[in-house]
Amino acid sequence: MTSTGDTARFMFMKGAGYYSRSTQGAKDVIDLATPLVLEALTRVEPQRGVGTFRVADFGAADGGTSLDMWRRALAELRAAGPARPIELFYTDLPGNDFSQLFRTVLGQTEAKTYMDEVENVFVYASGASFHDAIFPAASLHFGFSANASHYIVETPCKISNHIHMVGASGAVRAAYEEQGRRDWERFLLARATELAPGGRLVLINFGIDEAGRFLGATTGVSMFDAFARHWRNMAEDGVITREEFAATNFPQCYRTLEQFVAPFKDAASPVRRAGLRLELAETRIVPCPYARDFALHGDAEAFAKAYLPTLRSWSEAVFNRGLDAKRDVAERAAIIDEFYRRYYDEVIASPGQHRMDYVHAYLICAKEP
Ligand SMILES: C[S@@+](CC[C@H](N)C(=O)[O-])C[C@H]1O[C@@H](n2cnc3c(N)ncnc32)[C@H](O)[C@@H]1O
């Protein structure tokens, strides 16, 4: 099966462990959601089945942020079904640093692996897009995905005055929302096919909450507005071209809770007809760990040094993608470094205004028995 769409061709988190080293917040989100995972696994009733129990982490990046969650989930599974082999599949796009993922999971980094704690666990990876089925029909018992479903197959159009759909309005915003609607349904239908009867999904999705808040836009400076402002200033200063500014668009859609649950509402919808139903849908906020630390130590430079890498770990590929293909590697690196340096200077000048709070819609879905 081939991965369609532009996002699958260029998207990746910063490699060599940079992503999970710099992204404590995503780990916090996953660790705090572990009780939901354990509860959903209990409902799958692993003790009642026989044979291999298959679980998957969709959009896992380098595997570091979910390592402790899987440790607890695998221990729970092992206790519930002592004789069942467990297959854990990590999935991400082809550009992902899968070598780093295996080094992490197999205990070759400073992170503490679960492999020597839980017996009879087999780990695999897939580079196929989660917008298509990755596993044979009815073969997956449990699926997990955090901080990933906001990626869309491709950007439907350019956003002339911003870099993210949260800064767009009118027809442009509507085009991103429509792409987001189609891709969400596609994601769910793929999971509905893969899930075994009674299987569960725990999905932690970036989104827009009931108060209109989203990642990095809870109070103070909005992170995506700051990205757009610095990138636009670089175009005005002649560091990048206006075409490059216009070509820089995150292939993401932030959905509201209403948009997340829409495919489950109508009994005649394709998702419901495919046998997927909703067990939980709620929004939550997990505070930015770096802003929390700053409130304790008050050191603006230390804050900016911790905060900018977390932004850079997931956004750099998008800014790099916006640059003209004719630019060489060194030129690109210099532009990207300058971009994050400008943001860094802003954070040092007004540290109390910056925080990347995590705003999510949490969903648990079940495949009908
Ligand atoms: C922000 S990272 C989240 C990583 C990890 N799940 C976490 O919460 O820390 C989003 C990941 O989703 C991956 N991703 C984006 N679109 C995808 C797709 N269509 N199929 C699989 N993975 C995808 C990205 O490559 C990236 O590694």
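The values are calculated or read from the model by the stated rules, or taken from the named source; none is laboratory data. These numbers come from a predicted model, not from an experiment. Ideal geometry is used to build each Cβ from the backbone, glycine not excepted, and the neighbour counts take in all protein chains shown.
Mind listing just one residue for me: the one in the stretch 108-143 that is among the aliphatic types (A, V, I, L, M) and part of a loop (DSSP other than H, G, I, E, B) and, of those, nearest to Arg43 (Cα to Cα)? Only one residue tops the list, namely Ala138.
Sort through Glu316, Glu301 and tell me the only one that's farther than 21 Å from Lys14 by Cβ and in a helix (DSSP H, G or I).
Details: Glu316 fails: farther than 21 Å from Lys14 by Cβ.
Just one listed residue meets the conditions, Glu301.
Give the number of residues within the stretch 294-320 that are at pLDDT below 95 and of a type in the set (D, E, K, R). Result for the stretch 294-320: 2.
Applying the condition of being of a type in the set (S, T, N, Q) and touching a strand residue (DSSP E or B) at 6+ places or on another chain (Cβ under 7 Å) to the stretch 83-128 and asking which residue is surrounded by the fewest Cβ atoms within 10 Å (Cβ to Cβ) yields Asn120. Of Phe142, Phe187, all but one fail to be within 14 Å of the ligand (Cβ to nearest atom), over 23 Å from Thr248 (Cβ atoms) and not charged (D, E, K, R); the exception is Phe187. Confirm whether Val37 is more than 10 Å from the ligand (Cβ to nearest atom) and either outside any helix (DSSP H, G or I) or of a type in the set (S, T, N, Q) (or both). No: the conditions fail for Val37.
Selection of the stretch 205-241 for residues being in contact with a helix residue (DSSP H, G or I) (Cβ under 8 Å, 6 or more places away or on another chain) and of a type in the set (Phe, Trp, Tyr) yields Phe214, Phe224, Phe227, Trp231. Within the stretch 40-86, being in a helix (DSSP H, G or I), closer than 29 Å to Ser313 by Cα and out of contact with any Gly (no Cβ under 9 Å at 6 or more places or on another chain) holds for Leu67, Asp68, Met69, Arg71, Arg72, Ala73, Leu74.
Within the stretch 198-250, the set of residues being in contact (Cβ under 8 Å) with a residue 24 or more places away in the chain and on the phi > 0 side of the Ramachandran plot comprises Gly198, Gly216, Gly220.
Only a single criterion out of (1) buried (at least 22 other Cβ atoms within 10 Å of the Cβ); (2) more than 22 Å from the chain's Cα centre (by Cα) is not satisfied by Ala75, namely (1).
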